[in-house]
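Q: For reference, the structure I am asking about is given below.
The values are calculated or read from the model by the stated rules, or taken from the named source; none is laboratory data. Note that the coordinates shown come from a computational prediction; the quantities given were computed from them, not determined experimentally. Cβ placement follows ideal geometry from the backbone for every residue including glycine, while neighbour counts extend to all protein chains displayed.
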Amino acid sequence: MTIALEHATDLTVELNPPHEMGSCPAGTRRIIPIVGGTAVGPLLNGEILNVGADWQTVTRDHVAELDARYAIRTNDGAVIEVISRGVRHATLEVHERIKAGEEVDPAEYYMRTAIRLDCGHPDYAWVNRALFLARGGKVGNQVRLSVYRVL
């Protein structure tokens, strides 16, 4: 049996500067506000609302554990909750380039997320019955993700 993926949408997630929590037992913690953005694709189109954050932990070996919750308002008015858990890691040199705001090809580092969507609108009930995977990267104050529905 093979697993197929269907392109659902491309997300451009706008971020505000992080709230640094400092070194905690699990690693360096920060809360990064999610303040807007877009969803554009064959299955899902809309705007990312100013209602979320990424609660991020960077481990001692420089692996960023991503834990984001935010919402998309579709072009036809439905609101979809996004719950995204993922991992990002890169060489120290690539990490410094990303941190400086440089547009680094996502092929130069690893950033993947597992996404669950939740919606009460009947036209989007299909999102409640699927898992989604994303690949992407960070550029300046944006995260860009290509999101795929697992078939």
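Q: In the set Asn50, Asn45, which member is modelled with pLDDT of 95 or more, within 28 Å of Gly22 (Cα to Cα) and surrounded by 14 or more Cβ atoms within 10 Å (Cβ to Cβ)? Can you show your working first?
A: Numbers: Asn45 fails: within 28 Å of Gly22 (Cα to Cα).
Exactly one residue qualifies, and that residue is Asn50.
Q: Further, regarding this structure: What are the residue pairs meeting all of these: first residue in region 110-130, first residue in contact (Cβ under 8 Å) with a residue 12 or more places away in the chain and exposed (fewer than 15 other Cβ atoms within 10 Å of the Cβ), second residue polar (S, T, N, Q) and outside any strand (DSSP E or B), Cβ atoms under 8 Å, and 6 or more apart or on different chains?
A: Filtered contacts from region 110-130: Asp118/Asn128.
Q: Would you check if Thr9 is closer than 21 Å to Leu133 by Cβ, among the hydroxyl-bearing types (Ser, Thr, Tyr) and in a loop (DSSP other than H, G, I, E, B)? Spell out how you get there, then give the answer.
A: On the way: closer than 21 Å to Leu133 by Cβ: yes; among the hydroxyl-bearing types (Ser, Thr, Tyr): yes; in a loop (DSSP other than H, G, I, E, B): no.
Answer is no for this residue.
Q: Can you work out which of the residues in region 53-70 that are under 11 Å from the mean Cα position of the chain (by Cα) and of a type in the set (Gly, Ala, Ser) is farthest from His19 (Cα to Cα)? Step through it out loud before you land on a result.
A: First, pick out the residues of region 53-70 that are under 11 Å from the mean Cα position of the chain (by Cα): 53-54, 66-70.
Now drop any that are not of a type in the set (Gly, Ala, Ser), which leaves 53, 68.
Details: Ala53: 10, Ala68: 14 Å.
Looking at the filtered set, the residue picked out is Ala68.
Q: Between residues in region 131-146 that are at negative phi and residues that are among the hydroxyl-bearing types (Ser, Thr, Tyr) and modelled with pLDDT of 90 or more, which pairs lie under 6 Å by C-beta distance while being six or more apart or on different chains?
A: Leu133/Tyr148; Ala134/Thr113; Arg135/Ser146; Gln142/Thr12; Arg144/Thr12
Q: Further, regarding this structure: When only residues in region 65-94 that are acidic (Asp, Glu) and within 22 Å of Cys24 (Cβ to Cβ) count, which is surrounded by the fewest Cβ atoms within 10 Å (Cβ to Cβ)? Before the answer, list the steps.
A: Residues of region 65-94 that are acidic (Asp, Glu), as a first pass: 65, 67, 76, 81, 93.
If we keep only those that are within 22 Å of Cys24 (Cβ to Cβ) as well, we get 65, 67.
Numbers: Glu65: 17, Asp67: 15.
Among residues in region 65-94 that are acidic (Asp, Glu) and within 22 Å of Cys24 (Cβ to Cβ), the one surrounded by the fewest Cβ atoms within 10 Å (Cβ to Cβ) is Asp67.
Q: Condition check: over 11 Å from the mean Cα position of the chain (by Cα), over 21 Å from Gly36 (Cβ atoms) and of a type in the set (Asp, Glu). Does Asp76 satisfy that? Explain how you work it out, then say what you get.
A: Working: over 11 Å from the mean Cα position of the chain (by Cα): yes; over 21 Å from Gly36 (Cβ atoms): no; of a type in the set (Asp, Glu): yes.
No.
Q: Restricting attention to region 72-114, and to residues there that are out of contact with any strand residue (DSSP E or B) (no Cβ under 8 Å at 6 or more places or on another chain) and among the β-branched types (Val, Ile, Thr), which single residue is nearest to Val143 (Cα to Cα)?
A: Top of the filtered list is Val94.
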